[in-house]
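**Q** Structure in C-alpha cells, see below.
The values are calculated or read from the model by the stated rules, or taken from the named source; none is laboratory data. As the structure is a prediction and not an experimental result, all values here were calculated from the model. Every residue, glycine among them, receives a Cβ derived from its backbone with ideal geometry; neighbour counts consider all protein chains shown.
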Amino acid sequence: MSATDSPPATSIPKLSREQIEAYWLPYTGNRQFKDDPRIVVQADGCYYTDDKGRKVFDGLSGLWTCGAGHNRAEINEAVSKQLKQLDFAPSFQYGHPLAFELANKIVEVMPEGLDHVFFTNSGSESTDTATKIARGYWRQRGRPEKTRIIGRIKGYHGASWGAISFGGVGANRKLWGQGMESDHLPHTMLKENTFTRGMPGHGAYLADDLEELVALHDASNIAAVIVEPLAGSAGVIPPPEGYLPRLRKICDKHNILLIFDEVITAFGRMGAWTGSDAFGAVPDIIGTAKQLTNGIIPMGAVIVKGEIYGAFMDAGGPDYAIELPHGYTYSGHPVACAAALATLDILHKDKLIERVAEMAPVFEEALHSLRGSNRYILDIRNYGLAGALTIEHVPGEPALRPFQIAMKCWEKGFYVRYGGDTIQLGLPFIVSREEIDAVINVLGESIDELT
Ligand code: PXG
C-alpha cells in the first residue's frame, strides 16, 4: 500500500490537564478518560501512533470509517489538489462538477433502481434525510397521515432527535425521551443463534412482527421501516437468513417504504458494495456515510429510487420552486467529493471489496477460535470484516468487562471498540493474516487476564 510520508509525531506538545478538561468528548466516559487519556497523534496504514510514541493497531478502522487504511496518498493528493482548485461551493441553487461525478459513481455501485443521490455530512444526517424523504414522499403522493417510522430494538441510526426515536437504544432516550412517533421491531439476537458463523439460520420469522405493528398502528399511519442490514454498534448482528427479503415483502404488501441504514455496511465492509447486495434484499432508500470518504472528511449520501425522486419532481410546482426543502451548507462539499472519488477509486483499483470477501473466512476462523478457551464469552458473531463478542455481565454492570478488556488491549497496542456488553472489531480492508492473528491473540489474552 502506498502512503505518503507523515511528519514525526514527536513535535506534538503534551496536553495539560486544563486543556484536557475543556473538551467534552462524545459518547465517552469523560471522567475516566481525563484521568487516563488515550491520545493518538498520527496514523498510517493499519496503525495509529499514540502520544507516547507507541504503535497501536487500528481494530475498528477508526470508527468503521477507514477501511482502505490511513494516510492514503491518493486521497491526500486529491484533497490537496481540490483545495487549490475549488475549496468551497454553494450547494443551494448552484453546483460543481465533482458532486455530479460522485453521484454517478455512487449510483454505479448501488443496487439497480437506486439512482438519485442526496449528499449529507454524517450518518445521523443520512438517516434524518432518509426518513424525512420517506414522510415527504407520502405527502407528495397524497397520503399525509403516513408518518410513523418503524425501527428495530438495538438499532443505532445516529444522535439526532429522529434517530434516537426510531433507533432502538434505550440509553439514547433516557435523557431526552421520544422525539417523534415511532415503534420498533424486535431485534434478531436469538439464543439458538449463538456462536453462528455469518448469517444465522434462525429468525427470519421475526420480520413477521411487522404485521403485528401494522395491526397496531395500521399501514395508513406508517411511512417507513428503517433497519441496518447488519446491526453494527449493537454488537455486529448479521441478519438471519431470509429475514431481510421477508421484511421487503411485508413492506411491499402494505405500501411501506423500506430504508436500509448502510452507514457501516456500504462500500465494502460486508465483502460486497452494500449490505443490500450481501444479503439479497433491495430497499427503497439507502443511507451511507463513514467509508464513503475513508473517514477523512465528513460526508454521507442518501440514495433513493427514481420513483421517490420523481414524486417530489411531479409535485414540485413551477420548475424554479424547491421540491425538497432540505439540505446542509456542506452538502456535496467539493473537498469531501474529492476524497470520496479517490476512495471509490481505491476500492475499485485495489479490489478491496474482493479482498474483504477473501479475508472474511480467515477472520471468522480466528475470531471463533476464542470460543471455549476463554471465560466470559457468551457469543461470537461475524460477517465480512465485522465481528463482535458478547461478554458475560458483572451483575449490575454490563459494560464493565468490555471496558476492562479494551483497556488491556490498548495497553498491549491494540485499539478495539467496547460498547454495552460487547467488544467489536471492524478490521481495515487491507489487514494481513498475521495482523488478524495478532489482534485475536491479544483479545484472548486480555479476556484471560480479567479477574
Ligand atoms: N447509522 C449507523 C448504522 C451507525 O453505525 C450512525 C448512523 C450515525 O453516524 P454519525 O456519522 O452521525 O455518527 C452510525 C454511527 C460503534 C460506533 O462503535 C458506531 C457508530 C459511531 C461510533 C461508534 O459501533 N455509528
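**Q** Could you please give the count of residues in the stretch 164-181 that are surrounded by 14 or more Cβ atoms within 10 Å (Cβ to Cβ) and within 21 Å of the chain's Cα centre (by Cα)?
**A** Residues flagged as surrounded by 14 or more Cβ atoms within 10 Å (Cβ to Cβ) and within 21 Å of the chain's Cα centre (by Cα) within the stretch 164-181 amount to 8.
**Q** Further question on the same structure: How many residues are surrounded by 23 or more Cβ atoms within 10 Å (Cβ to Cβ) and of a type outside the set (Phe, Trp, Tyr) if we restrict to the stretch 129-145? Walk me through how you get there before you give the answer.
**A** First pass over the stretch 129-145, keeping only residues surrounded by 23 or more Cβ atoms within 10 Å (Cβ to Cβ): 129-131, 133-134, 137.
Narrowing the set further to residues that are of a type outside the set (Phe, Trp, Tyr) leaves 129-131, 133-134.
Result for the stretch 129-145: 5.
**Q** Are any residues in the stretch 403-432 assigned to a loop (DSSP other than H, G, I, E, B) and among the hydrophobic types (A, V, I, L, M, F, W, C), and if so, which ones? First the steps, then the outcome.
**A** Taking the stretch 403-432 as the starting set, the residues that turn out to be assigned to a loop (DSSP other than H, G, I, E, B) are 412-413, 416, 420-421, 427-432.
The answer is 416, 427, 429, 430, 431.
**Q** Taking the stretch 285-323 on its own, how many of its residues are assigned to a loop (DSSP other than H, G, I, E, B) and either under 18 Å from residue 258 (Cβ atoms) or within 16 Å of the ligand (Cβ to nearest atom) (or both)?
**A** Selection size over the stretch 285-323: 7.
**Q** In this structure, does residue 207 turn out to be under 23 Å from the mean Cα position of the chain (by Cα), part of a helix (DSSP H, G or I) and at pLDDT 95 or above? Don't jump to the end; show me each part of the working.
**A** Working: under 23 Å from the mean Cα position of the chain (by Cα): yes; part of a helix (DSSP H, G or I): yes; at pLDDT 95 or above: yes.
In short, yes.
**Q** For residue 385, indicate whether it is in the same structural domain as residue 424 (by TED's automatic domain parsing), in contact with a strand residue (DSSP E or B) (Cβ under 8 Å, 6 or more places away or on another chain) and farther than 17 Å from residue 265 by Cβ.
**A** Spelling it out, it is not the case that residue 385 is in the same structural domain as residue 424 (by TED's automatic domain parsing), in contact with a strand residue (DSSP E or B) (Cβ under 8 Å, 6 or more places away or on another chain) and farther than 17 Å from residue 265 by Cβ.
**Q** So which of 118, 88, 57 ends up being on the phi < 0 side of the Ramachandran plot, at pLDDT 95 or above, hydrophobic (A, V, I, L, M, F, W, C) and in a loop (DSSP other than H, G, I, E, B)?
**A** Going through 118, 88, 57 in turn, just one is on the phi < 0 side of the Ramachandran plot, at pLDDT 95 or above, hydrophobic (A, V, I, L, M, F, W, C) and in a loop (DSSP other than H, G, I, E, B): 88.
This table checks each residue for (1) closer than 23 Å to residue 411 by Cα; (2) within 16 Å of the ligand (Cβ to nearest atom).
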position: 16; (1), (2): yes, no
position: 33; (1), (2): yes, yes
position: 42; (1), (2): yes, no
position: 45; (1), (2): yes, no
position: 50; (1), (2): yes, no
position: 62; (1), (2): yes, yes
position: 71; (1), (2): no, no
position: 77; (1), (2): no, no
position: 83; (1), (2): no, no
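**Q** If the Cβ limit is 9 Å and pairs must be 6+ apart or interchain, which residue in the stretch 321-338 that is at positive phi pairs with which residue that is assigned to a loop (DSSP other than H, G, I, E, B)?
**A** As it stands, the answer is 327/91; 327/92; 332/89; 332/91; 332/95; 332/96; 332/299, since those pairs meet every condition given.
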